[in-house]
Amino acid sequence: MSFYHKNGYLYCEDLKVKDIQDEVQYSPFYLYSLAQVKANYTAYQDALKDTNAIIGYAVKANNNLTLLKKLSGMGSGAVLVSGNELKLSLAAGFNLKRTILNGNGKTLDELALAVEHGVLINIDSEFDLKHIQQTTNQLNTPANVLIRINPDVNPEVHPYVSTGMKNSKFGIRNEKLNWFLNEIKNDNLLNLVGVHCHLGSTIKKVRIFRDATEIMVDFMKIIEKDGFSPHYLNIGGGLGIDYDRSGEDIPSPTDLIDSIRDILPEHITLIIEPGRSIIGNAAVFVNRVTGVKTNGNKHFIVTDGSMAELIRPSLYDTYQHIEFIEPVEGKIDTFDVVGPVCESADFLGKERRLPTPSEGTGLVVCDAGAYCHAMSSNYNLKMSPPEYLVDGDKLTCIRRVETLDDYLRLFDV
Ligand code: LLP
């Protein structure tokens, strides 16, 4: 593990996080370990070494340009959900032929970009197919498309991150598959190359992936019978990580791939779209304690970081581990760890048993690499925090802090 403790201090690779905090000065900030990103990506590569496969990193999880360049440099493909993510992936050097555009509301501009760059496009609905056709006709350029199917397998996750059930807003209505196949057959600019599904996020059981893969393989057979030769089987992303640190066994990429290996048809290319399991545990969100208060019953640790920089606990009522980066001797109590934002939804963690810190103590929210900086906002006019990357004993700023001047410039209209 790239984050570990020594003599009561938290380390990231070879560096003491407290020293980094003193050096960085600005607070709060995100801190990444390059070794952890590499280890996570390599775990997928190892799992897939005997399989024809594309690892498509889900850019939405974390779109820091430096991190994207590192991943493209390791050979990763990219999974995109917007035209801007497509442009960023170009800048990061991803091979766009190993890239997939997802989405239930792709615009004509986004589709044009995807068609121009030969990105694989998932068909999500009747209107989405019509828009793809409109785009390929206008550009007189062919497109490789996959059909997004809802296998209707319960991912057993928070409803907000469940995406492959029948009532999901994503994917086609499976009963209309034949209609889609006929439309594609009659269109000589569309090339149906595969099927796609994405069950949801934070999945902790490989059985769920296996059940869905079986269903997807059946869909591939139906499509083949209709005269197509689909060769991409895209089973989406969604593998969970160990947020809870409860000792529960979280499946590894190898567990996931091993669980479906025997049912994968020959001569296909498997596409997998991991986001969280590549970047989630590769970062911590580093704060300073502003103060400690109590109302008699409830005790609060108030930090400078808030729901504006890290919204997952507030939005999904989810757990991310919180700890101090240095030895703290105070009385152990039960605290809510809260930010300064002006509403009660603003918390980083609830009911945590922690020693009472003094002002200025360093505190981290762990497993903050995925969907944390990417979902940050300017609420309460908090500025987008800077990001730092550790590589061995080297610290690099990979995103400067946003300033009020940056913000004010938006009003130069
Ligand atoms: N592919 C598709 C089509 C997706 O919609 C997603 C994530 C992924 C891949 C990557 O899933 P991952 O491997 O990262 O689980 N904001 C939420 C997560 C939303 C995920 C949405 N889709 C959170 O903070 O937990």
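The strands (runs of 3 or more DSSP E) found entirely in segment 264-312 that carry 3 or more residues being more than 16 Å from the ligand (Cβ to nearest atom) and either among the polar types (S, T, N, Q) or open to solvent by 30 Å² or more (accessible area, probe 1.4 Å) (or both) are 283-294, 299-303.
Every test in (1) open to solvent by less than 40 Å² (accessible area, probe 1.4 Å); (2) over 30 Å from Leu410 (Cα atoms) is passed by Glu359 save one, and that test is (1). Beta carbons closer than 8 Å, at least 6 apart along the sequence or on distinct chains, pair a first residue in segment 79-95 that is farther than 16 Å from Pro274 by Cα with a second that is assigned to a loop (DSSP other than H, G, I, E, B) and within 16 Å of the ligand (Cβ to nearest atom) for Ser82/Gly103; Leu86/Val119; Leu88/Asn63.
For segment 156-173, residues that are more than 9 Å from the ligand (Cβ to nearest atom), at pLDDT below 90 and surrounded by fewer than 19 Cβ atoms within 10 Å (Cβ to Cβ) total 6.
Looking only at residues in segment 80-106 that are of a type in the set (Lys, Arg) and away from the ligand (no atom under 13 Å from the Cβ), the one that is modelled with the highest pLDDT is Lys87.
Here is a yes/no grid of residues against (1) in contact with a helix residue (DSSP H, G or I) (Cβ under 9 Å, 6 or more places away or on another chain); (2) more than 16 Å from the ligand (Cβ to nearest atom); (3) modelled with pLDDT under 95:
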site: Arg352; (1), (2), (3): no, yes, no
site: Glu359; (1), (2), (3): no, yes, no
site: Gly369; (1), (2), (3): yes, no, no
site: Ala374; (1), (2), (3): yes, no, no
site: Pro386; (1), (2), (3): yes, yes, no
site: Arg399; (1), (2), (3): yes, yes, no
site: Asp406; (1), (2), (3): no, yes, no
site: Leu410; (1), (2), (3): no, yes, no
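Scanning segment 223-246 for residues that are surrounded by fewer than 16 Cβ atoms within 10 Å (Cβ to Cβ) and outside any loop (DSSP other than H, G, I, E, B), we see that the one that is nearest to the ligand (Cβ to nearest atom) is Glu224.
Restricted to segment 44-59, and to residues there that are within 19 Å of the chain's Cα centre (by Cα) and of a type outside the set (Gly, Ala, Ser), the residue that is surrounded by the most Cβ atoms within 10 Å (Cβ to Cβ) is Tyr57. Within segment 10-17, does at least one residue satisfy the condition of being surrounded by 14 or more Cβ atoms within 10 Å (Cβ to Cβ) and acidic (Asp, Glu)? Checked against the condition, which is being surrounded by 14 or more Cβ atoms within 10 Å (Cβ to Cβ) and acidic (Asp, Glu), segment 10-17 yields at least one hit.
Selection of first residues in segment 196-208 that are within 12 Å of the ligand (Cβ to nearest atom) and of second residues that are β-branched (Val, Ile, Thr) and open to solvent by less than 10 Å² (accessible area, probe 1.4 Å), restricted to Cβ pairs under 6 Å at least 6 apart or on distinct chains, gives the following pairs, ordered by first then second residue: Cys197/Ile149. Filtering Asn140, Asn104 for residues that are open to solvent by 20 Å² or more (accessible area, probe 1.4 Å), touching a residue at least 24 places away in the same chain (Cβ under 8 Å) and within 23 Å of Phe219 (Cβ to Cβ) leaves a single hit, Asn104. Do we have any residue at all in segment 253-262 that's free of Cβ contacts under 8 Å to residues at least 40 places away in the same chain, open to solvent by less than 40 Å² (accessible area, probe 1.4 Å), over 21 Å from the mean Cα position of the chain (by Cα) and more than 16 Å from the ligand (Cβ to nearest atom)? No, segment 253-262 contains no residue that is free of Cβ contacts under 8 Å to residues at least 40 places away in the same chain, open to solvent by less than 40 Å² (accessible area, probe 1.4 Å), over 21 Å from the mean Cα position of the chain (by Cα) and more than 16 Å from the ligand (Cβ to nearest atom).
The values are calculated or read from the model by the stated rules, or taken from the named source; none is laboratory data. Given the structure is predicted, the values throughout are model-derived calculations rather than measurements. Because the Cβ atoms are built from the backbone with ideal geometry, glycine has one as well, and the counts that use them run over all protein chains shown. We work out accessible area using only protein heavy atoms, side chains counted, and drop any ligands, DNA or RNA first. Shrake-Rupley method; radii C 1.70, N 1.55, O 1.52, S 1.80 Å.
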